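The structure appears below as structure tokens.
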Amino acid sequence: MGTVRERRLRDLLGAVEGCKRVCVLTHFNPDPDCISSAWALQRLIHARTRAKAEVVYGGIIGRAENQSMVRLLGIDLLHFNLIDRDDFDAYALVDSQPGTGNNPLPEGVDPHIVLDHHPKLPATKRAVYADIRPKLGATATMMYEYADTAGLRIDARMATALFYGIKSETHNLGRGVTRADVNAYLALFEKVRKDIVSGIENAPLTAVYFVMLDRAIKGTTLHGPLVVSVLGTVENPDMVSECADLMLRLEHVRFAFAMGRFNGDLCLSFRSRDPKVEAGQLLKSVVGRDGTAGGHAEMAGGLIDGHKKGKLGATRAACRELAQRMVKKLKIKNGDVEGAPLLKSPDTTPSQQAIRALIRSTSGDAKIV
Ligand SMILES: [Mn+2]
């Protein structure tokens with residue numbers, strides 16, 4: 001019989017028994033939680049079954065931090081568009097599920113393994129083995145448990161990857177964590193290459209990043225507790241979620257909604273600080289049948305396919321429409337429906353005089369040079 005963890009491990013490995021080559025799939029534009037989990041699963045399959053496995057991703061690795069993570073830790077990834085599907089006789093889906101629309105799993109293919117911490121979707125029950133734990137802060141926590149239970153040697157690179165996966169996904173254990181996340185974080189901590197974590201978190205940013213940031217700020221409007229950012233065309237889709245994270249930090253803001261066009265599609269990102277507003281549910285209801293959306297209590301993502309006919313499209317008009325729906329769903333009061341540009345708001349453009357007064361008040365007679 002064994003413990004719950006031992007049973008889970010046995011069922012996970014049993015799911016790919018007899019398979020030759022497993023495609024360990026991430027979601028589109030994978031984040032550190034997803035990348036590290038897929039990498040750990042690949043190693044586990046290699047070490048404990050006869051099958052070979054590859055980590056395969058869709059979309060792009062956009063965010064500078066994520067690119068640095070892959071580079072500094074030497075993680076081998078293949079792009080889904082470049083693999084030969086006939087090479088694989090099994091799929092494992094990580095940090096995602098069938099039917100979300102956020103992964104490249106071919107339609108009609110039932111995965112052998114699904115590991116995720118998002119709410120369970122109906123199509124997941126067709127998987128040979130599924131472990132869905134929506135309460136967990138990170139999928140990497142789950143992968144730590146499997147690796148630990150299997151007695152897998154977790155070297156410094158793997159420890160660093162899983163640790164950074166948990167750290168970034170939970171905002172340093174400050175967002176949606178359970179005891180299991182804390183335990184995994186602490187268990188990995190000793191082995192983590194702190195210099196690499198620091199290198200990832202301070203990854204070099206391109207000039208294009210700052211151009212996009214400038215555009216994001218100029219395209220931001222305030223609607224009471226909601227801030228809406230329309231980014232136009234972005235160089236990488238992660239910029240949309242980065243913008244939502246950044247704008248949520250604006251004082252007095254409780255909700256941040258960002259939209260950007262990439263590859264002809266409209267990428268959406270939503271953040272909620274309000275425990276009464278479940279981000280994933282709300283974004284789903286805003287998008288409706290015009291696209292796909294999903295997520296957690298505090299963060300959610302979505303996509304409007306710009307190539308499908310009869311859909312909302314990926315235009316500025318679509319952004320306006322979605323912003324209006326968001327304003328309605330959040331019951332933003334009348335005066336804030338139109339919104340005010342962030343950069344023209346008097347509160348956010350303090351005069352030189354006001355800045356001088358502030359410095360004087362905090363530093364006595366300090367001279368301003
Ligand atoms: Mn995740």
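Every listed requirement among (1) over 25 Å from D31 (Cβ atoms); (2) modelled with pLDDT of 95 or more is met by C319 save one, (1). Looking at region 177-197, is at least one residue within 16 Å of the ligand (Cβ to nearest atom), under 29 Å from A92 (Cβ atoms), polar (S, T, N, Q) and buried (at least 21 other Cβ atoms within 10 Å of the Cβ)? Checking region 177-197: not a single residue is within 16 Å of the ligand (Cβ to nearest atom), under 29 Å from A92 (Cβ atoms), polar (S, T, N, Q) and buried (at least 21 other Cβ atoms within 10 Å of the Cβ). Y57 fails exactly one of the following numbered conditions: (1) closer than 17 Å to M142 by Cβ; (2) touching a His at 6+ places or on another chain (Cβ under 7 Å). What is the number of that condition? With (1) closer than 17 Å to M142 by Cβ; (2) touching a His at 6+ places or on another chain (Cβ under 7 Å) applied to Y57, the lone miss is (1). Contact map, region 70-99: residues that are within 30 Å of E201 (Cα to Cα) paired with residues that are away from the ligand (no atom under 16 Å from the Cβ) and polar (S, T, N, Q), Cβ distance under 8 Å, separation 6+ or inter-chain. Pairs shown: L73/T160.
Quick one: is G18 more than 18 Å from M158 (Cα to Cα), outside the structural domain of T292 (by TED's automatic domain parsing), within 16 Å of the ligand (Cβ to nearest atom) and modelled with pLDDT of 95 or more? Considered against the rule, which asks whether it is more than 18 Å from M158 (Cα to Cα), outside the structural domain of T292 (by TED's automatic domain parsing), within 16 Å of the ligand (Cβ to nearest atom) and modelled with pLDDT of 95 or more, G18 comes out as no. Of all residues assigned to region 2-13, none qualifies as being within 15 Å of the ligand (Cβ to nearest atom) and in contact (Cβ under 8 Å) with a residue 12 or more places away in the chain. Please determine whether any residue of region 138-151 is free of Cβ contacts under 8 Å to residues at least 60 places away in the same chain and within 15 Å of the ligand (Cβ to nearest atom). Among the residues of region 138-151, at least one is free of Cβ contacts under 8 Å to residues at least 60 places away in the same chain and within 15 Å of the ligand (Cβ to nearest atom), which makes the answer yes.
Quick check on G59: is it assigned by TED's automatic domain parsing to the domain that holds H117, of a type in the set (G, A, S) and either away from the ligand (no atom under 16 Å from the Cβ) or free of Cβ contacts under 8 Å to residues at least 12 places away in the same chain (or both)? No: the conditions fail for G59.
Test of understanding: among D195, D238, D181, D274, which residue is modelled with pLDDT of 95 or more, outside the structural domain of H117 (by TED's automatic domain parsing) and among the acidic types (D, E)?
D274
Being more than 15 Å from the ligand (Cβ to nearest atom), under 17 Å from the mean Cα position of the chain (by Cα) and either charged (D, E, K, R) or modelled with pLDDT of 95 or more (or both): is that true of Q42 here?
So Q42 does not fit the description; no.
Against the condition within 16 Å of the ligand (Cβ to nearest atom) and aromatic (F, W, Y), how does F88 come out, does it pass?
no
Which condition does R289 not pass, out of (1) out of contact with any strand residue (DSSP E or B) (no Cβ under 9 Å at 6 or more places or on another chain); (2) under 17 Å from A244 (Cβ atoms); (3) modelled with pLDDT under 95, if it passes all the others? Looking at each condition in turn, R289 falls short on (2). If you go through region 108-135 and keep only what is farther than 17 Å from G14 by Cβ, within 14 Å of the ligand (Cβ to nearest atom) and surrounded by fewer than 23 Cβ atoms within 10 Å (Cβ to Cβ), you end up with H118, P119, I132, R133, P134, K135.
Can we say G224 is at positive phi and of a type in the set (G, A, S)?
yes
The values are calculated or read from the model by the stated rules, or taken from the named source; none is laboratory data. Just so we're clear, the structure is a prediction, and the values are computed from it rather than from any experiment. Don't worry about glycine lacking a Cβ; one is built from the backbone with ideal geometry, like all the others, and counts go over all protein chains shown.
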